[in-house]
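K.L.:
I have a structure I would like to understand better, so I am pasting it below and will then ask my questions one at a time.
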Amino acid sequence: MCLIAVAYQAHPRWRLAVIANRDEFHGRPTEPAAPDPEFAEVFGGRDLEQGGSWLLASTRERFSAVTNVRAGTHPEAAPRSRGGLVRGFATGEGSAQDYVASLASDAAQFGRFNLLCWDGDALHFATNHPRFERRPVDAGVHAMSNGAFDAPWPKSGHATRALQAWLASPASEGDIAEQTLAPLFAALADTTPAPDARLPDTGVGLELERMLSPPFVRGARYGTRCSTVLLVDAHGLTLAEHRFGPEGLPQGTTFAQLPFA
């Protein structure tokens, strides 16, 4: 993923609420959100190139998601895919705290990552750039993109405001259906570039910073591949995914409601 807003213990009904966009090269092979082929209780998309994922949720009250960290234009040469971190936690048994702590010795082997792990009781964050760091995430609404956790990037603020507004609306209190989530997907679909004065400097140059600044990145070779909404209450999870091809062409949707095991 390249943009994640998460509300953790911030709503009387929703223990966890997540909206996210995954930005990636359109040529990278991907499976739509579905049960994991080896772990039926785990649900989400799958990267067919490395076998990992960008966002997974489990009916055993587990969630994990990852973004890359942007630091210049030089390609990464890490031997291990950060998507394996997501699948490793979602299919595992240990606590989020223990999992992120276990990454300390091997973190440098992965591509630059920001990682979130939730085990039903606690939400934890870890990163390996510029050095390994881990910490619990406080209750509230947070954003994670391609820089520091909760960095005030324009797209991050846009996503957190949209999530807060939806959680405060009557839609969050009733039955959840695809149309109920329309305001969240509309926010994720925003293609408005940020003003130059508010752009981050991640070492990729002004033109690319502009292209990557909206919540939804539209491009022929690279762009937003999917938008995801995840809602977790006391009984189970709702996961909705909208998929896109080059230039933002819609390529299908998934809507699933899964009770906890």
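The values are calculated or read from the model by the stated rules, or taken from the named source; none is laboratory data. Since this is a predicted model, take the numbers as computed values, not measurements. Glycine also receives a Cβ, built like all others from the backbone with ideal geometry; neighbour counts cover every protein chain displayed. Just so you know, the surface numbers come from the protein's heavy atoms only, side chains and all, with ligands and any DNA or RNA stripped out. Shrake-Rupley method; radii C 1.70, N 1.55, O 1.52, S 1.80 Å.
K.L.:
Have a look at SER95, SER105 and point out the one that is open to solvent by 50 Å² or more (accessible area, probe 1.4 Å), modelled with pLDDT of 95 or more and more than 18 Å from LEU3 (Cα to Cα).
P.N.:
SER105
K.L.:
Still on this model: Can you tell me which residues in region 25-51 are charged (D, E, K, R), within 16 Å of the chain's Cα centre (by Cα) and open to solvent by less than 30 Å² (accessible area, probe 1.4 Å)?
P.N.:
Scanning region 25-51 gives a single hit, ASP47.
K.L.:
Could you tell me whether any residue of region 5-24 is surrounded by 21 or more Cβ atoms within 10 Å (Cβ to Cβ) and touching a Pro at 6+ places or on another chain (Cβ under 8 Å)?
P.N.:
Checked region 5-24: at least one residue is surrounded by 21 or more Cβ atoms within 10 Å (Cβ to Cβ) and touching a Pro at 6+ places or on another chain (Cβ under 8 Å).
K.L.:
Out of the residues in region 110-158 that are among the basic types (Lys, Arg) and loosely packed, with under 15 Cβ neighbours inside 10 Å, which is nearest to PHE260 (Cα to Cα)?
P.N.:
So, considering only residues that are among the basic types (Lys, Arg) and loosely packed, with under 15 Cβ neighbours inside 10 Å, the one nearest to PHE260 (Cα to Cα) is ARG135.
K.L.:
Continuing with the same structure: From THR67, THR73, grab the single residue that is over 30 Å from ASP175 (Cα atoms), open to solvent by less than 10 Å² (accessible area, probe 1.4 Å) and in contact (Cβ under 8 Å) with a residue 40 or more places away in the chain.
P.N.:
So the residue among THR67, THR73 that is over 30 Å from ASP175 (Cα atoms), open to solvent by less than 10 Å² (accessible area, probe 1.4 Å) and in contact (Cβ under 8 Å) with a residue 40 or more places away in the chain is THR67.
K.L.:
It is to be established whether one or more residues within region 151-164 are farther than 20 Å from PHE216 by Cβ and either at pLDDT below 95 or out of contact with any Asp or Glu (no Cβ under 7 Å at 6 or more places or on another chain) (or both).
P.N.:
No - not one qualifying residue is present in region 151-164.
K.L.:
Within region 79-133, count every residue that is among the charged types (D, E, K, R) and assigned to a helix (DSSP H, G or I).
P.N.:
Residues meeting the conditions: 2.
K.L.:
Further question: Among the residues in region 181-191, are any closer than 30 Å to ARG134 by Cα, without any contact (Cβ under 8 Å) to a residue 60 or more places away in the chain, touching a helix residue (DSSP H, G or I) at 6+ places or on another chain (Cβ under 7 Å) and not aliphatic (A, V, I, L, M)?
P.N.:
no
K.L.:
For region 156-204, what are the residues that are among the polar types (S, T, N, Q) and part of a helix (DSSP H, G or I)?
P.N.:
SER156, THR160, GLN164, SER172, GLN179, THR180
K.L.:
Which of the residues spanning region 99-126 are polar (S, T, N, Q), touching a residue at least 12 places away in the same chain (Cβ under 8 Å) and more than 26 Å from TRP14 (Cα to Cα)?
P.N.:
Within region 99-126, just GLN109 meets the criteria.
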